[in-house]
Amino acid sequence: MTEQNTDFAYENAEKIITEHASLPLCIIDKDGKITAAGSRIEEVFVYDGIIDSKIYALTGFRNDTIRNAAKDGKSLLLVRNSRTFEVHADFLYDAEDSPVTLTFVDVTAYERLKKQYEDERTAMAIVHVDNFDELTESVSEEASLTVASEIDKILRQWGAAANASVTRYKDDCYFVILQTHELEKIKQGKFAILDEARQIDTENDFPVTISMGIGMGGRTLYENERYSIDAFDLALGRGGDQVVIKNVDNIEYYGGKTQTVEKTNKGKSRIIAHALRHLMEQSDHVIIMGHQSPDMDSFGAAVGVHRFSRLCEKEAFIIINDYNEGLADIYQAAREIDEYNFISSERAIDMADAGSLVIVVDTNRQSRVECPELLDITEKIVVIDHHRKATDFIDNAVLEYTEPYASSASELVTEIIQYAGGKRTLSRFEAEALLAGITVDTNRFAIKTGVRTFEAASWLRRSGADTTEVKRYFQSDMEMFKTRAACIANATFNDDGVAMSICPGENINAQIVNSQVADELLTIKGVQVSFVAGKNECGQTVVSARSLGTINVQTIMEELGGGGHLTTAGAQVDMSPEEALEVLSEKLKAIFEKEKQED
């Protein structure tokens, strides 16, 4: 067949297809221009003269998108004139430059039904008043009843506004059932109920805070219930005063604006100590590990758990793969005592089995532990941590003691050891290691320091800790001092109270220097939040973030793959320090603009 005859055949085919099409249809050439259209195309496009028009101008679909859809056998969705069409693309013949036929199927009724189904799906929420006991026990009986009544009132009003079912099943817990479209409205308002709760007059020096875990998107009510429980645990593990929504595909966070309130009752520490002893007695041996690039808190907590294990007459091993300059003195002191079994990850993997007990301290993230492989070898895992829960938290722990109100993991371990029994439970070195851990995470008792922090420090002092010796562990050499001074001198400041600095070069102590500089920058008048970035010896950028509480640096660092607390956080990123600070500047700009709009 000649080229002229071929063109005639395809033109004739176009004419037959468009004239006899029972659905709206058009044909576009290889450049995305409409060459023919059926009579019913006016059901899709309300204006005349679409021949020779670009399909992109009419539909918003790029030509390559349409041709890829034809190649993959996929349909596209088009909304026009309050109607929804499913667009099916097919090549007219088998060639690269073949025209494409577009058939428009009206699926408006189906899409409306689908949206109605999605809108009316059930979401389940667990609502918890974080500090209910502290609120009601520290005021008069009359004030206690008033506070409880006011909390109940605003929660029920919130539920009524969302056409939700609200059931109170404990003094401080509610179960809520609502529809998805109502939940979407609440999400748009950023869960204003959290702010309303904080406005309640409590006669205390801390506000009412609420935690909420919401499950949605499950195939069954049971799945949604499980999602809500998981989300609720995550909300509490992140310090409360926030909402966590767990869907099939993702997890969303809202709130988290206030510091966690310290619990006055130490009953949980006693329960954890008893449960931990029981687990140790049933285990072949104990393996203790902290996070990668261990700091003083991670090391102190590990040494404390090692002592607890010995009190339970179980042999324990501490994983230390490497350490920085800041940990050198205390680590060498531990080696000289020769009472602690330090091993590498390789040795731990060789010796671990299903009967091993693995205890993780100072982190709850699977990706941050010294030896992630151990988490798959045994099912007997214990987590002792003070950080807010991250999305990739260790979810198969048989015993979990995650308390974001605590200053440090060393504080939590100190309280556990107090219930180990015996008059002399700690050696002088162990007391000093735990006190050093508390000291570094509180910035020498300046931040996140509660009554229980001082009680733990006091007990460690009575156990023999020498504060002068602890101070010696924090001494730095002249080179580190000069680096820190240069970093502070090169810091930049803006009118929003943000301080930023870059640690020059690659530094084996980048994590320590960055955190120290970030702490120092907060001592400058007018500074509300500080960020310091620098490269470690591996060439990876380490970022330290500090805040006085007006900005939640934890959520900012989580967006970079890190985490921490509302006022103290950090991250390790695969970009240059300059790029990291540029990204942070953009995020802060968005936060400040949003706050101005809300005001």
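No value in this document is a laboratory result; all are computed from the given coordinates. Just so it is clear, the structure is predicted and the values come from calculations on it, not from any experiment. Cβ atoms come from the backbone with ideal geometry, glycine included; neighbour counts cover every protein chain shown.
Cβ-Cβ distance of GLU373 and VAL398, R₀ of 25 Å, FRET efficiency by 1/(1 + (r/R0)^6): the value works out to about 0.85. For a distance above 30 Å, tell me the whole-number percent of Cα pairs in the chain that qualify. Roughly 63 percent, rounded to a whole number. Each Lys and Arg contributes +1 and each Asp and Glu -1, all at the Cβ; summed about the Cα centre of the chain, the dipole is approximately 1280 debye. Annotation for region 297-312 versus region 510-524: alpha-carbon center distance of 28 Å. For region 362-423, GluC sites (Glu not before Pro) meeting the loop criterion (DSSP other than H, G, I, E, B) and having at most 14 other Cβ atoms within 10 Å: GLU373, GLU379. When you filter the GluC sites (Glu not before Pro) in region 500-599 for DSSP loop state and at most 16 other Cβ atoms inside 10 Å of their Cβ, you are left with GLU537, GLU559.
Among the listed pairs LYS115/LYS246; LYS71/LYS115; LYS153/LYS185, those with a Cα-Cα distance over 26 Å are LYS71/LYS115. In region 68-166 the Cα-Cα distances spread across 10 Å bins starting at 0 as 12, 22, 16, 13, 12, 12, 9, 4, 1 percent of all pairs.
Here's how it looks for ARG80: its modeled amide H is under 5 Å from those of PHE85, which are all 5 or more places away or on a different chain. Inter-label distance, GLU537 to LYS471: 2.9 nm, where each label sits 7 Å from its Cα along the C-beta direction.
Only lysines eight or more places from LYS594 in sequence, or on another chain, were considered; those with a Cα closer than 16 Å are LYS187, LYS190, LYS257. Both the radius of gyration and Dmax for region 128-275 are 15.8, 47 Å, in that order, over alpha-carbon atoms. Calculated FRET efficiency, ASN490 to ARG428, Cβ-Cβ distance, R0 = 41 Å: about 0.50 to the nearest 0.05. Could you calculate the FRET efficiency of THR180 with MET575 from 1/(1 + (r/R0)^6), where r is the beta carbon distance between them and R0 is 41 Å, rounded to 0.05? So the FRET efficiency works out to roughly 0.65. Applying both filters, DSSP loop and at most 15 other Cβ atoms within 10 Å, to the trypsin sites (Lys or Arg not before Pro) of region 142-190 gives LYS190.
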